[in-house]
Amino acid sequence: MVGPATLAPYHEWEDQIPDEVKATIEEIKALIAEGEVEVCPADDPDWGVACFKPSAEAAEEMDGEALVNERCTVCHGLNEITANYGQDAAFWTEIVDEMIATGAQLDEEEREVVIDWLASQE
Ligand code: HEC
């Protein structure tokens, strides 16, 4: 479990930090609080470079949307995919297997997650 660490307040920089940056920081803080992100000890030589890594547990929890955005847009746009939203799992199984045969990088588990997620889109 991660202790009650927190970040220093922004002080006079408050006005100069874009809201989206603040929102991202809040998200990261929440993840740290939940133990989803591993924070390196300050005396780690790689601190700040390699030490912001999602915990193994978080990595296991696969997100269909993230997988589609990452692995399914290598050869064509997302529009090719969104145009087919509303189709069922049988349709997507056929498509995803066809895409894997074409070269999409998905292992067995990721394939299942992606098919389920696509079939849940309307
Ligand atoms: C290695 C390249 C590649 C990747 C990665 C890829 N596709 Fe495709 N995709 C294609 C090609 C080429 C076509 C057009 C050929 C065709 O129409 O069969 C296509 C067409 C499609 C179509 C249109 C329907 C069809 O059969 O024409 C859909 C839907 C689709 N892809 C979904 C996906 C999904 C979902 C993923 C991620 C799992 C993905 N693609 C990843 C190459 C790729």
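Identify the residues of the range 102-122 with backbone N under 14 Å of a label point that sits 7 angstrom from the Cα of Cys75 along the Cα-to-Cβ direction, or state none. Output list for this probe position: 102-106. Placing R0 at 25 angstrom, the Cβ-Cβ distance between Met62 and Ala90 gives a FRET efficiency of 0.70 after rounding to 0.05. Overall, the range 64-119 carries a charge dipole of about 240 debye about its Cα centre when +1 sits on the Cβ of Lys and Arg and -1 on the Cβ of Asp and Glu, all other atoms neutral. With an a/c value under 1.5 for the gyration tensor axes a ≥ b ≥ c computed over the alpha-carbon atoms, the range 64-119 is described as rounded.
For Asp97 and Glu14, what is the calculated FRET efficiency with R₀ set at 41 Å and r taken between the beta-carbons, to the nearest 0.05?
0.20
Modelled spin-label separation between Lys29 and Gln105, with each label point placed 7 Å from Cα along the Cα-to-Cβ direction: 3.5 nm.
Just so you know, all these numbers are worked out from the coordinates, no wet-lab data involved. In this text the structure is predicted, and so the values were computed from the model without any measurement. Because the Cβ atoms are built from the backbone with ideal geometry, glycine has one as well, and the counts that use them run over all protein chains shown.
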